[in-house]
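Notes for the one structure printed next.
Coordinate-derived values only; no laboratory data. What you see is a predicted model; the values in this text were computed from it and never measured. Ideal geometry is used to build each Cβ from the backbone, glycine not excepted, and the neighbour counts take in all protein chains shown.
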Amino acid sequence: MPDADEDGPSDQELLRRHVAGDSDAFGELFRRHRDRLWAVALRTVCDPDEAADALQDAMVSAFRRAADFRGESAVTTWLHRIVVNASLDRLRRRAARPALSAGDEQAFEALVAQDGDPARAVDTRLDVDAALRILPPQQRAALVVVDMLGFSVADAAAILETSPGTVKSRCARARARLLPYVAHLQGNRSASESVSPAQGGDT
Amino acid sequence: MRGQMTHLDTDVLAEFRAGLITGRRGVTIAAHLAACDRCTALDDKLAGVSALLASVPAPPMPDSVAQRLEVVLAAEVSGKNNYAERAQVDRPGESAAHDQRAARHGFRLATWRVLVPAGAAVVLLAGGGYGLSRLVGGPGSPPSFSSAAGSAAKSASSAVPSASSAARAGSPPEAAAAPVNPAASAGSQLRSPNRIVNLSPATLGQYVEAELRLPLALRPMQTASSRVRGCIHLLAASAPLQLVESAQFKGQPATIIVARTGQDDTVWVAGPDCSAGHRDVLDTVTVP
């Protein structure tokens, strides 16, 4: 992940300035990465309102705890870690009212009914986003960070605060579980007709 | 692989692709893939999942969320800087320098100090293009506010006032932080919806917490409107007032009223119809 703006200070420099009392620095850092941070929050919690709350929690936390940043990872990795943690915290808090249980095809069908028939959907992203909801949160977060945001497994492990092996495992299970739901988006529905959804539990 | 099964299942293939299966078992899977069109096709499909996910563009942050977060972060900045910001009320030269410094960036909380005809001092805060008007006093202002108002006026007059900067008041952040001509623009600023911060239930508590970090003597505490004073009396009764500010709440004109109630502070968001005889409360929260 890039850590510097070609025309401006690096992320680390902005964070240093923020800690030193520069009231503009954190805002610049936030604006530089806000779309990616929004994407990881939205796709992890699968709800715009919850994502906004999670991102707000995360940014306030990052603002206040910037002095704790030790430079052991890129600033973007640190920011993403805070956002993922805030997003997973949100999901835990609403665990009493889960929108979906993992692998629940009936619930998926309900989602599809809301978003439109995936076979005829024009907006691919809607289908992918809907399919992501099928995944357990930890698998979803891993897949979002690795496959959708393009972080390396090592960086994803730092973001998710787990081992690279666990990241690989979560991603593998998530891909297998998603396949039947997104195969039609690859232009061939045969896989979704012949492959049963994976039934593995969350890691 | 499961015993003598002919074909690989999706989980095994996914783990194999992720490098989680190696050694003899990995060799066996690779050999099977080389000989089985069906499993190779499934493997291709799995590879396509990652490719599909990578191809989906990241959704841009909605403007409403961006605005909300800018407000929240501005409140954080305000919480850190307001001691120095308000201290500069008594040092107008430094205040002007602060405003000019803050104007260089999009994310800031620059202070505009202007006069209003009734003799009340009005402080407009603009952070990232959003502003909050504060009615601090009036004829009955306590001495501390009278002093602040006088200094504020001096500060404004020393802060390079210009008509063009007033015209930029509602502009995007890059142009919004210039000092304002107090005589020419005070009224119009107060009427401009772009100049009032639009709080929401999500940002209210945090914003108030940041404001309450100011010393009590430096917080705006009184409005010029008898209606609002009646509303405050109705809501807070005799509870010690901590803060009274005008703002917008979910797009509606509102007055933020905070009073100490027991161990906590109670925040009322009074609507435009709130008065001594009519309880119009848009929201209420408790902050520690």
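Assorted remarks:
- Highest-first packing order for the peptide set A:80-86, A:148-154 is A:80-86, A:148-154, based on the mean count of other beta carbon atoms within 10 Å.
- Of the trypsin sites (Lys or Arg not before Pro) found in the stretch A:4-79, the ones in coil according to DSSP and having at most 12 other Cβ atoms within 10 Å of their Cβ are A:Arg70.
- Remark: spin-label model distance B:His233-A:Ala154 equals 7.0 nm, labels positioned 7 Å along the Cα→Cβ axis.
- Inter-chain Cβ neighbour average for residues B:12-19, partner chain, 10 Å: 6
- Residue separation of B:Ala276 and B:Arg260 scaled by 0.36 nm, minus their Cα-Cα distance, works out to 3.8 nm of gained length.
- Cβ-derived FRET efficiency at R0 30 Å, B:Gln252 paired with A:Asp89, nearest 0.05: 0.45
- Normalised convex hull volume, the stretch A:16-70, alpha-carbon set, Å³ per residue: 79 Å³
- Look at the stretch A:18-31: the mean tally of other chain Cβ atoms within 10 Å of its residues' Cβ atoms is 5.
- Positive minus negative residues near B:Thr22 (Lys, Arg vs Asp, Glu; Cβ under 15 Å): +3
- Förster radius 30 Å - calculated FRET efficiency between A:Ser10 and B:Arg213 (Cβ-Cβ, nearest 0.05): 0.50
- Note on B:Lys45, A:Lys168, B:Lys250: ascending count of other Cβ atoms within 10 Å places them as B:Lys250, A:Lys168, B:Lys45, the fewest first.
- Other protein chain C-beta atoms within 10 Å of residue C-beta, averaged over B:68-79: 5.
- Fewest-first sequence of B:Val285, A:Val182 by Cβ atoms within 10 Å of each Cβ: B:Val285, A:Val182
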